[in-house]
Structure formats: C-alpha cells, structure tokens
1. Report, by residue number, each residue of region 96-108 that is at pLDDT below 85 and touching a helix residue (DSSP H, G or I) at 6+ places or on another chain (Cβ under 7 Å).
2. Which ones in region 70-92 are of a type outside the set (D, E, K, R) and at pLDDT below 80?
3. May I ask you to list the residues in region 35-72 that are under 14 Å from the mean Cα position of the chain (by Cα) and among the aliphatic types (A, V, I, L, M)?
4. Cβ contacts < 7 Å: first residue without any contact (Cβ under 8 Å) to a residue 12 or more places away in the chain, restricted to region 75-95; second residue of a type in the set (A, V, I, L, M), any location; separation 6+ or different chain. Result?
5. Answer yes if at least one residue in region 92-105 is part of a helix (DSSP H, G or I) and farther than 30 Å from residue 54 by Cβ, and no otherwise.
6. Condition check: modelled with pLDDT under 80, hydrophobic (A, V, I, L, M, F, W, C) and in contact with a Phe, Trp or Tyr (Cβ under 9 Å, 6 or more places away or on another chain). Does residue 46 satisfy that?
7. Do we have residue 114 as at negative phi and modelled with pLDDT under 85 here?
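The values are calculated or read from the model by the stated rules, or taken from the named source; none is laboratory data. Computed from a predicted model, the values in this text were never measured in an experiment. With ideal geometry, Cβ positions are generated from the backbone for all residues, glycine too; neighbour counts draw on all protein chains shown.
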Amino acid sequence: MKQHVGEKASKVQSFIFNTAMFLELLMAIIVIFALVIMLTHVPMELKGLVQDGEFNQFLKQLFDIIIGIELLKMLCRHDLDSVVEVLLFSTAREMIIEHMPIYHTLIGIIAISVLFLIRKYLFVSALDKSEEENK
C-alpha cells in the first residue's frame, strides 16, 4: 500500500515538475517575442535620437532589451551566474537611466559591488557547470 502511495506521489511530483518546465518554456518564448518586437523599434529610436536628442530614452530601451535577453538566458540556464547577471544589469540600468540622488547612486554602487563579491567569492560557476555535465 505504501509503495502504491509513493508511486502516486512520484507521478504527481513528476507532473508538477514537467508542468513547471513547460510554463518556463512558454515564458521564454513570450520573452523572445517581446524582444523581437522591442528590437524593431530600435531603428526608429535611433532616428529620434538624431532628430530630438532623446539619448536617455534610447538607453532605456537598449537596457530593457539587454535585461530581457539576460532574463531569457536565466530562464534557460538555471544557474547562479545568470541570476547575478540579471541583477547586475537591472541595477546598472536604474543607476544610469534614472537620475537619482547621490545617496541612491551610492546604494546602487554598493549593491553592484556586493553582487560582484557574491559572484567571485560565494560560489564558483565552474562547479555549477560541472554539476550540470555530471547529470
């Protein structure tokens, strides 16, 4: 009887895992479509950059595309490197695009420094990759 319950639990866990993987794949496809749509606006933004001098708006769109690409990589790779990269780019975007007071900028610099320290000292990406190869 216990084996039968264990098999059902295993099947339910497998179904939930496969459903989560499917939803993750669906989200990655949606991000790809959104990125393609955003990329079609870049030439128009370049024209506006020359005519109107809207460099800040252009940078904002480029950072949004870059963060979207990093988010897509994070959804596909499932490693700590990609999570840290998304956090780095999004923090850098806020610091560059939004003209924040100096103490907010200082907090952003500290946050980026902490992310680099985490990346360098708290985990080794090579171990992440070797674990994936062993699976």
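1. 96, 97
2. Answer for region 70-92, where residues must be of a type outside the set (D, E, K, R) and at pLDDT below 80: 71, 72, 74, 75, 76, 78, 80, 82.
3. Once the filter is applied, which keeps residues that are under 14 Å from the mean Cα position of the chain (by Cα) and among the aliphatic types (A, V, I, L, M), region 35-72 yields 35, 65, 66, 67, 69, 71, 72.
4. Pairs that qualify, where the first residue is without any contact (Cβ under 8 Å) to a residue 12 or more places away in the chain and the partner is of a type in the set (A, V, I, L, M), are 83/74.
5. no
6. Yes; evaluated as a whole, the condition is true for this residue.
7. no
Matching residues to (1) surrounded by 15 or more Cβ atoms within 10 Å (Cβ to Cβ); (2) within 26 Å of residue 38 (Cα to Cα):
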| residue | (1), (2) |
| --- | --- |
| 52 | no, yes |
| 56 | no, yes |
| 59 | yes, yes |
| 64 | yes, yes |
| 74 | yes, yes |
| 78 | no, yes |
| 95 | yes, yes |
| 105 | yes, no |
| 113 | no, no |
